[in-house]
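All remarks here apply to the structure that follows.
The values are calculated or read from the model by the stated rules, or taken from the named source; none is laboratory data. Keep in mind that what you see is a predicted model, and the values were worked out from it rather than measured. Because the Cβ atoms are built from the backbone with ideal geometry, glycine has one as well, and the counts that use them run over all protein chains shown.
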Amino acid sequence: MADIFDQIDDLLKEIKETSISDNDSLEQYRIKFLGSKNVLKGLFGEIKNVPNERKKEFGQRVNALKTEAEARFSEVKSALSAEENKKAFADIDLTAPTEPLNLGSRHPVAIVMNRLIDIFERIGFTVAEEREIEDDWHNFTAMNTPEDHPARDMQDTFYLKNSVTRLLRTHTSSVQARVMTTQKPPIRIIAPGRVYRNETISARSHCQFHQVEGLYIDENVSFADMKQTLLYFAKEMYGPETDIRLRPSYFPFTEPSAEMDVWMGTADETARKLTKGTGWLEVLGCGMVDPNVLENCGIDSKKYSGFAFGIGIERSAMQKYDISDIRLLFENDVRFLRQFGSVL
């Protein structure tokens, strides 16, 4: 029986002293001591020949032998890998300058949207964001456009497949509806985001575009408050000398409603073309929130009033950067996008 224990000692010595200098000798070591037919497996079968009083000792020493083999294998493998990595990077000059990185650019839509958000945040408006897949109630009914209302014809809607109540939002007014049904006045928010309408794509229109809509609800909010807010916006956006005018219009969720124009002048051909010779450029729609909208959203229209407005981002971006085709804003042509400066 001493021969079995001597064999264990001999194998332990061999495990510790076997020379391993490369991956080939490491693999030979693994096959011999840790492979499916390794030399240690035969020892486990010898336990039946070991006296009962020494079986425990035998088992412990065989397990220790296997543990030592595994530890030696892991240690040498790590050392060889570290040496290979050192050799691989030996020829690399870590002091050499890196390759220049091609920075991306801000998208013109993002530039204008961030500019609008910054302007309104300065006067207390906070950003509200919501889902782009909406239900019919928040997108239409809450905004005073029931199922049989002719105003629905103003927006050709993308409905989800096999659904007449789930749709891609046609305006960010749905964000206003969700805020009004979950928050109590005073409410002062802007809702930037992408919207969708089933329109023919051309140089002047697209089936997807971006809006920033604003909403202010509190006690004693007046049309004059809205006008001063929008005048502040126009002066910040277009310059301190900017004049505005409000023209009567119609939107189902505001009453009275108006379109706001800014004076661009007719001093040059660009201004005349942009304003169709009038000198006035339409930039947004606005109006006092219809009492029906407030009541639909659970707000007492006898106590509270408010105003809302909506600005098309693509139109503002096209005017700011003299872009003649809206499709350029959605094609991701890097030659076009590089014109708008590197990301800060």
Just a yes or no: is a residue in the stretch 294-303 assigned to a helix (DSSP H, G or I) and free of Cβ contacts under 8 Å to residues at least 12 places away in the same chain? yes
Filter result for the condition that a residue is farther than 25 Å from GLY265 by Cβ, assigned by TED's automatic domain parsing to the domain that holds ASN139 and buried (at least 18 other Cβ atoms within 10 Å of the Cβ), over ILE187, ILE244: ILE187
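A quick yes/no check of all residues on (1) touching a residue at least 40 places away in the same chain (Cβ under 8 Å); (2) of a type in the set (A, V, I, L, M, F, W, C); (3) over 19 Å from ASP243 (Cα atoms); (4) buried (at least 17 other Cβ atoms within 10 Å of the Cβ):
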site: TRP280; (1), (2), (3), (4): no, yes, no, yes
site: LEU284; (1), (2), (3), (4): yes, yes, no, yes
site: VAL289; (1), (2), (3), (4): yes, yes, yes, yes
site: GLY310; (1), (2), (3), (4): yes, no, no, yes
Yes or no: the stretch 259-276 includes at least one residue that is among the aromatic types (Phe, Trp, Tyr), surrounded by fewer than 21 Cβ atoms within 10 Å (Cβ to Cβ) and touching a residue at least 24 places away in the same chain (Cβ under 8 Å). no
Please tell me if TYR304 is in the same structural domain as GLY214 (by TED's automatic domain parsing), on the phi < 0 side of the Ramachandran plot, within 31 Å of the chain's Cα centre (by Cα) and hydroxyl-bearing (Ser, Thr, Tyr). no
Considering only the stretch 188-234, state which residues are among the hydrophobic types (A, V, I, L, M, F, W, C), part of a strand (DSSP E or B) and in contact with a Phe, Trp or Tyr (Cβ under 9 Å, 6 or more places away or on another chain). ILE189, ILE190, VAL195, PHE209, VAL212, LEU215, ILE217
Residue check: is VAL62 surrounded by 11 or more Cβ atoms within 10 Å (Cβ to Cβ) and outside the structural domain of ILE313 (by TED's automatic domain parsing)? yes
Give the residue that is farthest from LEU329 (Cα to Cα), with candidates limited to residues of the stretch 210-239 that are of a type in the set (Gly, Ala, Ser) and free of Cβ contacts under 8 Å to residues at least 24 places away in the same chain. ALA224
For the stretch 81-108, how many residues meet the condition of being closer than 30 Å to HIS210 by Cα and surrounded by 10 or more Cβ atoms within 10 Å (Cβ to Cβ)? 6
